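So the structure is just underneath, and the comments pick up after that.
The values are calculated or read from the model by the stated rules, or taken from the named source; none is laboratory data. What you see is a predicted model, and the numbers here were worked out from it, not measured in a lab. Glycine also receives a Cβ, built like all others from the backbone with ideal geometry; neighbour counts cover every protein chain displayed.
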Amino acid sequence: MTYRAPVEDIISSLRHAAGLDQALADGACGDLALDDIAAILAEAGRFAGDVIAPLNRIGDQHGTPLKDGAITMPPGWKEAYRDWAAAGWNGLAAPAEWGGQGLPQALNAACIEMWNSASMAFGLGPFLTMGAYDALAIHGSDALKQAYLAKLISGEWMGTMQLTEPQAGSDVGALRTRAERAADGSYRITGQKIFITYGEHDLTDNIIHFVLARLTDAPPGNRGISLFLVPKFLLNADGTPGKRNDVHVHSIEHKLGIHASPTCTMVYGDEGGATGFLVGEENRGLACMFTMMNQARLAVGLQGVAIAERATQQALAYAKDRKQGRAAGIEGSAPIVAHPDVRRMLLTMRSMTQAARDVCYATAVAADRADNGKDETARNAAHERASLLTPVAKAFSTDIGIEVASLGIQVHGGMGFIEETGAAQHLRDARIAAIYEGTNGIQAIDLVMRKLPLSGGAAVDSYIGELRGTIAKLRETNDPAFGATAQRLTEAVDALAEATAWLKGKIGTAPDDALAGATPYLRVFGLAAGGCYLAAEALAAKRGDDGKNAADRITLARFFAENHAVQAAGLARSVTEGFEAVAASPERAA
Ligand SMILES: Cc1cc2nc3c(=O)[nH]c(=O)nc-3n(C[C@H](O)[C@H](O)[C@H](O)COP(=O)(O)OP(=O)(O)OC[C@H]3O[C@@H](n4cnc5c(N)ncnc54)[C@H](O)[C@@H]3O)c2cc1C
């Protein structure tokens, strides 16, 4: 089953859920017009469907063998990557002064979704590179930018992001990789990093590693971490790759999914220390890394959307084709799509996918506004909005990626469990997105402990106010086709508001009580937000702003509100009541 980019759904999401129209009108996206955006998305969709998607299965089967210190990417991948980079996709949202196209992040986000739908293992390397060049552009010295930035933006070289060590996963502050000052102003890096995505490969003739390490005289914990740029090949005077640096892949992991994304153990300093160059200031590396990570967290959320979209397309096609049993009004054996339970699964897949997409694009549009808002107040508010939504975009969407990919297998019946159909690969691939780039548990903690207190709690309150505004518009329409949508969304947003108020009261006084409910809270947030976004899209379609059948969008919004958003109230109780049992659990003593 191939992939067809859902350009209409993406545009509806960008315009009517994420607020792209207003952002365009306000000049937050440069002088780009909606038609330009549609044309770029159509072109990206063609590339993703025609060039990348056919490589997905090949990548899954071939993997990335390591031999004599070199990794070979699957057949066809090098050529596809070369053509992809040559077409300018890598630098879509990168600064124009360094060869990028300076286009909005929201547009890049939509493209990231497409690359990852076509193949998650393919899409992963490039968005890490994008995070890397952002960190370099913002925090790097002029000399480093001159040497590396243009080539990272063009995609001629790829970047990696290296935090994890055996004892330092979620707890980055525990890392031990060492950096020593050298006489020439560079640093010598020694240590080991594990689970490094695209740490070694043959797609590009240099790989630029962004490595967190600790100076020998650094304070312990997060305050003693610095960021270093460590190229695989040191550069000659003319800027071309020269001498091999003292960083090598030691081994690769054999994984559940994303087989074509090499996951490497990297060793620094076998021959005395790899040459690294400081990015930003000494001991301020985590702040630089956060530039990469915020970008990458949204991109991982988009991976959840991407895999959900791919699984949904495949399940829908299968359900129309596969015949089993009888159904009213159909002569002979009925396609399984005729059965209400199968339709429920398909509607769940479609509505969940679109809701997650909406949350992700709302985050991306907020990021564009944070960069280009009309004044400082607007930029700050948008920055807070993007910060608030980023953990939801990452965790809600990747959970949905897994749930939808699992339903995709269910729709296929036994054939879903057989690798041949490809449905199983989607679930295998989807699973990692809830783990890397900060586990979903860590995202929930970030949402509760760091994002709810933004602006004294006003950031989340104003967001909840906006959700209520959408429901008010829905009530005004009085359209019976929406069924109980307005009422169910009101209940979901009420549940969100109550859980939010309860958590705000606990953060300072009983943080463990708040932490126990962080994960269900994030889900409540996603359900309330996603439900309101779907309703906003349906309202726009009804007004005729959207080409897609309004009846279909109304059904999607209604189905989500009546079948999924209703769970918010129960989950909110799990936040406000469930913590006591967690506190009392015997496992704590273990
Ligand atoms: C395929 C793959 C690719 C990866 N790519 C990269 C990469 O390119 N660069 C890189 O640096 N890393 C990468 N990683 C590492 C990844 O980011 C970590 O695996 C992830 O951050 C979790 O760390 P951990 O595995 O040590 O789990 P742990 O931190 O041990 O977590 C185990 C469990 O405990 C929970 N937990 C941990 N601490 C807390 C806490 N304080 N409060 C509540 N719950 C907690 C977690 O949520 C999780 O459920 C990759 C991993 C994989 C598998």
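Figures for the structure shown
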read-out: Condition check for residue 239: on the phi > 0 side of the Ramachandran plot and out of contact with any strand residue (DSSP E or B) (no Cβ under 9 Å at 6 or more places or on another chain); value: yes
read-out: Residue check, residue 148 hydroxyl-bearing (Ser, Thr, Tyr), over 20 Å from the mean Cα position of the chain (by Cα) and at pLDDT 95 or above; value: yes
read-out: Single condition residue 195 does not satisfy, out of (1) within 27 Å of residue 82 (Cα to Cα); (2) crowded, with 19+ Cβ neighbours inside 10 Å; (3) more than 11 Å from the ligand (Cβ to nearest atom); value: (3)
read-out: Residues of region 245-267 satisfying the condition of being assigned to a loop (DSSP other than H, G, I, E, B) and within 15 Å of the ligand (Cβ to nearest atom); value: 253, 254, 255, 256, 257, 258, 259, 260, 261, 262
read-out: Matching residues, region 198-235, being of a type outside the set (A, V, I, L, M, F, W, C), within 16 Å of residue 149 (Cα to Cα) and within 12 Å of the ligand (Cβ to nearest atom); value: 209
read-out: Some residue of region 476-496 being within 16 Å of the ligand (Cβ to nearest atom) and not β-branched (Val, Ile, Thr); value: no
read-out: Residue, surrounded by the fewest Cβ atoms within 10 Å (Cβ to Cβ), within region 127-157, restricted to residues that are within 16 Å of the ligand (Cβ to nearest atom) and within 14 Å of residue 211 (Cα to Cα); value: 128
read-out: Yes/no for residue 540 being within 20 Å of residue 503 (Cβ to Cβ) and over 25 Å from the mean Cα position of the chain (by Cα); value: no
read-out: The one condition in (1) in the same structural domain as residue 263 (by TED's automatic domain parsing); (2) surrounded by fewer than 24 Cβ atoms within 10 Å (Cβ to Cβ) that residue 230 fails to fulfil; value: (2)
read-out: Matching entry among 310, 357, 322 (being within 30 Å of residue 538 (Cβ to Cβ) and over 18 Å from the mean Cα position of the chain (by Cα)); value: 322
read-out: Pick from region 429-444, criterion assigned to a helix (DSSP H, G or I) and near the ligand (Cβ under 6 Å from one of its atoms), ranking: nearest to residue 405 (Cα to Cα); value: 432
read-out: All positions within region 158-175 that are among the hydrophobic types (A, V, I, L, M, F, W, C) and within 10 Å of the ligand (Cβ to nearest atom); value: 161, 163, 168, 172, 174, 175
read-out: Count of region 530-573 residues which are in contact (Cβ under 8 Å) with a residue 12 or more places away in the chain, polar (S, T, N, Q) and not in a helix (DSSP H, G or I); value: 0
read-out: Inter-residue pairs, beta-carbon under 7 Å, first within 17 Å of residue 392 (Cβ to Cβ) and in region 425-442, second within 6 Å of the ligand (Cβ to nearest atom) and assigned to a loop (DSSP other than H, G, I, E, B), 6+ apart; value: 439/170; 442/170
read-out: The one condition in (1) surrounded by fewer than 16 Cβ atoms within 10 Å (Cβ to Cβ); (2) over 30 Å from residue 121 (Cα atoms); (3) hydrophobic (A, V, I, L, M, F, W, C); (4) away from the ligand (no atom under 16 Å from the Cβ) that residue 460 fails to fulfil; value: (1)
read-out: Within region 484-514, considering residues that are touching a helix residue (DSSP H, G or I) at 6+ places or on another chain (Cβ under 7 Å) and of a type in the set (Gly, Ala, Ser), the one surrounded by the fewest Cβ atoms within 10 Å (Cβ to Cβ); value: 484
